[in-house]
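In what follows, a structure is listed as structure tokens, so that the remarks can point back to it.
Derivation of every value follows stated rules applied to the coordinates shown; laboratory data play no part. If you're wondering where the values come from, they're calculated on a predicted model, not measured in any experiment. We place every Cβ from the backbone using ideal geometry, glycine too, and count neighbours over all the protein chains shown.
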Amino acid sequence: MMRSCQESSSSAFYRPPHLRFKNLHLSCHEVADHYSGRTNQTLEQHEAGSIIHLKQFNNWIKSVLIQLYAKRGDAVLDLACGKGGDLIKWDKARIGYYVGIDIADGSIEDCRTRYNGDADHHQRRKKYCFPARLICGDCFEVRLDKFLAEDAPFDICSCQFAMHYSWSTEARARRALANISALLRPGGIFIGTMPDANVIIKKLREAEGLHFGNSVYWIRFDEEFEDKDAVDCPEWIVPFPVFKALAEEYGFELVFVKNSHVFVEEYLKKPEFVELMRGLGALGDGKEDQSTLSPDEWEVAYLYLSFVLRKRGQPDQTRVNSRRDKGKMHLSKEDIVYISD
Ligand SMILES: C[S@@+](CC[C@H](N)C(=O)[O-])C[C@H]1O[C@@H](n2cnc3c(N)ncnc32)[C@H](O)[C@@H]1O
């Protein structure tokens, strides 16, 4: 049977299943160590080969979200920014300020070198057009509202493929939403992607045992999930209606939530996003290379959803903010701030 976390009275917070991509352990308790160990050009490149189109596809989804909602000059808070894989997307949106936070110091260091253009494979890239700050810490535990009070308000907050890490206890989920709500301006936008609980639980019910998967991923549930008729979802698989209800408590309203398959169907109707998909390589190069996501990669895409939330209220047009003074155009190791409660 499922069991609830210590401080949660809500039935929506449970121990996680083991969600694995082949060689890629996503629900490990030592998240920071896990991601820190995956520095630029190491294991990850090797693994990426078999899921290259999936990675390009995920980049397309994030790019679409950013292009839809980021505006020139925006101040951006990138929670769980990882190695800075989205820096280039923010640059294309001509944002004005960027704060990236991740729990894994190795990833933050990679993000720093990528931002500076120091990483080998990025050397030819021009400098990014926005000043940045990088922070290493647990963004679902620390009072970011206090720590980043002078950098706020942000126009947009992004949490890509990571929001579910906040769901291990109700306190953490609440801290995450409280942080984001406190730091966004009224009318500010919160975009994100995370596992789609509906799909995962549906697949669990259809599975013969407590595990399922294909050539590129597998998911294994603990024995406590043996009762497959239980409608509640495990902790790191976030039941979206509960997430939405909690977000509403923190002043957010839902703009949309879409499973990745629906997302594609909808946004590939727009020529600019077809071009973007082609540019990223997820549809081949459109000439000789007609390759695209394999059926197994497409099945993985189905496991995720994207959401957009808006913080209620009207933006204060008169407010002038000096937050960019906190950012730098070149970041030294000493510029990375380590925070804990
Ligand atoms: C799948 S990666 C996504 C990285 C990036 N957002 C992207 O889309 O490329 C998940 C990231 O979440 C980070 N993470 C997990 N839990 C976190 C926490 N509590 N605070 C900050 N970062 C966290 C990990 O270190 C990792 O970099």
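For the reader, a short list of remarks on this structure follows.
- Filtered residues of the range 62-76 (kept if touching a strand residue (DSSP E or B) at 6+ places or on another chain (Cβ under 6 Å) and either within 12 Å of the ligand (Cβ to nearest atom) or of a type in the set (Lys, Arg) (or both)): LYS62, LEU65
- Close pairs (7 angstrom Cβ cut-off, 6 or more residues apart or separate chains): in a loop (DSSP other than H, G, I, E, B) in the range 292-318, among the aliphatic types (A, V, I, L, M) anywhere: THR292/ALA282; THR292/LEU283; LEU293/LEU54; LEU293/ALA282; LEU293/ALA301; TYR302/VAL199; LEU303/VAL199; LEU303/ILE200
- Extreme residue, nearest to ARG133 (Cα to Cα), among residues of the range 82-96 that are of a type in the set (A, V, I, L, M) and either outside any loop (DSSP other than H, G, I, E, B) or within 12 Å of the ligand (Cβ to nearest atom) (or both): LEU87
- At least 3 residues being within 16 Å of the ligand (Cβ to nearest atom), closer than 19 Å to VAL76 by Cβ and not β-branched (Val, Ile, Thr) is the threshold, and among the helices (runs of 4 or more DSSP H) wholly inside the range 138-219 those reaching it are 144-147, 170-183.
- Candidate set: the range 138-180, residues that are surrounded by fewer than 24 Cβ atoms within 10 Å (Cβ to Cβ) and polar (S, T, N, Q); chosen: the one farthest from the chain's Cα centre (by Cα): THR169
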